[in-house]
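Here is the structure we will look at.
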Amino acid sequence: MADETRPSAAPSSAMRSAARGSALNLAGAVFSALSTLGLTIVVTRGASQDNAGVFFATTSIFVLITAIGRLGTDTGLVYFISQSKATGQLSRVRAYVLAAAEPAVLVGCCLGVVLFAFAPAIAAVTSPDDTKLTVAALRALAPFVPFAGIAYVALAATRGLGTMRPNVFTEQLMRPGLQLLVAFAIVITGVSINLAWSWSIPYAVSACLAVYFLYKTSRRVVRAPQEKGRRSREFWRFTAPRSVASMTQIAMQRLDIVLVAVLAGASAAAIYTAATRFIVLGQFARNAVSLAVQPHVAAAMATTDRSAISGLYRTSTAWLMVCTWPIFLVLLIEAQSVLKVFGHDYQVGAEVLVLLSAAMLIATFCGDVDIMLVMSGRSRQSLINNGVALILMVGLDVALIPRVGLLGAAIGWASAITCKNLLGLVQVWWFYRVWPFGSAPAIVAVASIFCFGLGAGMPRLIFGENLIALIVGVALACLSYAGWMWRARTTLALDSVISLRRLRK
């Protein structure tokens with residue numbers, strides 16, 4: 001095993017920058033996760049299970065379509081622009097943005113037209129008992145597919161230029177917050193407007209803001225005269241495999257909802273979606289750290305700085321665990337209790353939540369292996385991993401959902417998550433001889449299990465299994481966990497965030 005890289009007393013500029021981005025993204029991720037959870041509560045409480053299932057199934061189709069439409073350009077732009085910045089070749093930025101934007105917008109427009117035109121056929125397959133409502137929802141979503149692509153491209157370019165603020169404000173604060181507000185307004189006023197509009201309209205606002213932020217950021221950061229033309233061949237040689245991998249990643253997160261709707265009905269899709277929305281809480285925190293570390297890994301790969309690569313990998317893994325393990329442990333232990341927030345009819349999804357929480361604990365302990373592979377230029381390995389995982393998930397879903405219902409879908413997704421991360425873990429070691437394992441992740445694992453796995457359950461001995469016991473247990477666990485993390489702040493490189501605050505003062 002490679003020697004463990006320990007953080008220095010004075011955090012490196014890359015580590016400080018990653019810490020700043022992670023902290024900012026985490027704040028945005030918390031708001032985004034709560035908004036997404038709030039939207040799910042509004043829909044499940046304000047609509048029937050069948051109508052809620054239609055909403056979740058159609059918005060999942062929209063997410064799948066937009067994943068296809070953006071063609072993996074977001075990761076490609078971060079990769080090339082951050083490397084251009086690291087190597088002093090910012091004159092290439094415009095060429096990379098044009099190489100990404102034009103195909104993404106064109107494909108997005110085509111997919112929007114196809115979704116609108118074939119809405120009746122899609123509705124007949126996904127929701128045969130609610131065809132009219134499903135067609136209306138799909139046609140409310142279709143015109144906004146290109147706007148999603150524009151937003152993804154523009155925000156990826158700003159991340160590549162080294163700033164996370166546009167992404168946090170637009171993608172994590174504004175859009176999910178606006179979706180929640182519009183959905184709440186539709187439900188509370190009782191107007192006869194399809195709930196899908198609450199999902200789609202904010203994408204147009206997001207696209208406009210993203211383009212504005214890209215314009216402002218590029219004027220501030222990019223001083224060099226820009227190349228004319230496009231670097232399409234270079235860009236798409238890297239991005240083409242990643243575009244397929246990006247689609248498979250989104251498919252792993254959303255396709256199972258569509259399959260549940262097709263194989264078990266809209267009501268089952270509503271229950272499954274509600275249960276899996278809690279998993280999204282942890283995924284948002286995971287994405288916050290990943291997005292911040294992504295450009296720094298690309299820059300380290302460009303300079304072949306193995307020490308920096310190893311340090312970023314271990315530190316980002318520890319940060320992922322700090323943010324997510326408490327969430328997944330609470331969900332695993334208190335699944336029955338937390339699902340009450342959606343209504344008593346949704347508690348049957350508890351076994352889904354338990355299984356997926358366990359899978360996410362394993363995945364987070366592996367670190368963000370996909371970012372490590374992609375930012376090192378090994379998109380094909382990432383594609384293969386995601387493809388194998390997707391095939392495994394779909395196969396298990398089709399085989400198990402008709403037999404065991406929601407649990408079958410959970411088995412499929414959990415197996416896919418575990419398979420993809422273990423494959424990536426082995427490949428990162430094989431290619432670079434770096435592990436995510438070390439003292440920092442071990443400390444987080446022990447602290448999380450002790451505080452949230454054991455300590456959070458103690459109040460149940462006094463109050464019984466109810467909401468009061470859950471709240472008291474989690475509150476006490478958070479206090480003890482915060483103290484543990486403070487004592488281990490140097491080992492976990494959390495002092496990078498503290499150093500940032502002192503530098504600003």
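The values are calculated or read from the model by the stated rules, or taken from the named source; none is laboratory data. Everything quoted here is computed from the prediction, not taken from an experiment. Every residue, glycine as well, gets a Cβ built from its backbone with ideal geometry; the counts of neighbours run over all protein chains shown.
For region 449-505, which fully contained helices (runs of 4 or more DSSP H) count at least 1 residues that are modelled with pLDDT under 70, surrounded by fewer than 13 Cβ atoms within 10 Å (Cβ to Cβ) and more than 29 Å from the chain's Cα centre (by Cα)?
495-504
Looking at A409, A440, which one is surrounded by 20 or more Cβ atoms within 10 Å (Cβ to Cβ) and either at pLDDT 90 or above or in contact with a Cys (Cβ under 8 Å, 6 or more places away or on another chain) (or both)?
Checking each option against the conditions leaves just A409.
Would you mind stating whether L161 is farther than 18 Å from T73 by Cβ and in the same structural domain as A101 (by the TED database)?
Answer is no for this residue.
Return yes when S337 is among the polar types (S, T, N, Q), surrounded by fewer than 22 Cβ atoms within 10 Å (Cβ to Cβ) and assigned to a helix (DSSP H, G or I) and no when it is not.
So S337 fits the description; yes.
Does R231 fit the bill of being assigned by the TED database to the domain that holds D370, of a type in the set (K, R) and modelled with pLDDT under 75?
no
Being under 22 Å from N167 (Cα atoms) and more than 25 Å from the chain's Cα centre (by Cα) is true for just one of V145, V153, V105, V93. Which residue is that?
Among V145, V153, V105, V93, only V93 is under 22 Å from N167 (Cα atoms) and more than 25 Å from the chain's Cα centre (by Cα).
If you check L383 against the conditions, is it over 12 Å from V260 (Cβ atoms) and in a helix (DSSP H, G or I)?
So L383 fits the description; yes.
Pairs only if they're at least six apart or on different chains, beta carbon under 6 angstrom, first in region 396-424 and under 18 Å from R254 (Cβ atoms) and assigned by the TED database to the domain that holds N386, second assigned to a helix (DSSP H, G or I) and among the charged types (D, E, K, R); list them, first residue then second.
D397/D256; A409/D256; A409/D397; G412/D397; W413/D256
Within region 375-389, how many residues turn out to be closer than 18 Å to A251 by Cα and buried (at least 22 other Cβ atoms within 10 Å of the Cβ)?
The total comes to 7.
Rundown of residues vs (1) among the hydroxyl-bearing types (S, T, Y); (2) at pLDDT below 85; (3) touching a His at 6+ places or on another chain (Cβ under 6 Å), yes/no style:
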| position | (1), (2), (3) |
| --- | --- |
| L24 | no, yes, no |
| T36 | yes, no, no |
| I41 | no, no, no |
| G46 | no, no, no |
| G53 | no, no, no |
| F62 | no, no, no |
| G72 | no, yes, no |
| Y79 | yes, yes, no |
| A101 | no, no, no |
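Every residue, every condition in (1) among the β-branched types (V, I, T); (2) modelled with pLDDT under 95; (3) under 26 Å from A183 (Cβ atoms), yes or no:
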site: A86; (1), (2), (3): no, yes, no
site: L111; (1), (2), (3): no, no, yes
site: T126; (1), (2), (3): yes, yes, yes
site: T131; (1), (2), (3): yes, yes, yes
site: G149; (1), (2), (3): no, yes, yes
site: Y152; (1), (2), (3): no, yes, yes
site: G160; (1), (2), (3): no, yes, no
site: F169; (1), (2), (3): no, yes, yes
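Those residues that are in contact with a helix residue (DSSP H, G or I) (Cβ under 7 Å, 6 or more places away or on another chain), of a type in the set (V, I, T) and more than 21 Å from I271 (Cβ to Cβ), I need them from region 22-71; list them, please.
I65, T66, I68
Select from region 45-71 the residues that are over 18 Å from the mean Cα position of the chain (by Cα) and in a loop (DSSP other than H, G, I, E, B) and write down the one among them that is farthest from A148 (Cα to Cα).
S48
List pairs: first residue in region 71-92 and within 18 Å of A308 (Cβ to Cβ), second residue not in a helix (DSSP H, G or I) anywhere in the structure, Cβ distance under 7 angstrom, at least six positions apart or on different chains.
Listed pairs, sorted by first residue: Y79/M375; K85/L161; K85/G162; A86/T303.
Taking the condition within 25 Å of L209 (Cβ to Cβ), modelled with pLDDT of 95 or more, crowded, with 20+ Cβ neighbours inside 10 Å and touching a Phe, Trp or Tyr at 6+ places or on another chain (Cβ under 6 Å), does L195 pass?
For L195, the condition - within 25 Å of L209 (Cβ to Cβ), modelled with pLDDT of 95 or more, crowded, with 20+ Cβ neighbours inside 10 Å and touching a Phe, Trp or Tyr at 6+ places or on another chain (Cβ under 6 Å) - is not met.
Which ones in region 68-90 are buried (at least 23 other Cβ atoms within 10 Å of the Cβ), among the aliphatic types (A, V, I, L, M) and under 30 Å from V262 (Cα atoms)?
L71
Could you count how many residues in region 91-136 are buried (at least 19 other Cβ atoms within 10 Å of the Cβ) and outside any helix (DSSP H, G or I)?
Residues that pass the stated criteria total 2.
Looking for something under 21 Å from I201 (Cβ atoms) and small (G, A, S) - is there at least one such residue anywhere in region 127-136?
Yes: region 127-136 contains one or more residues that are under 21 Å from I201 (Cβ atoms) and small (G, A, S).
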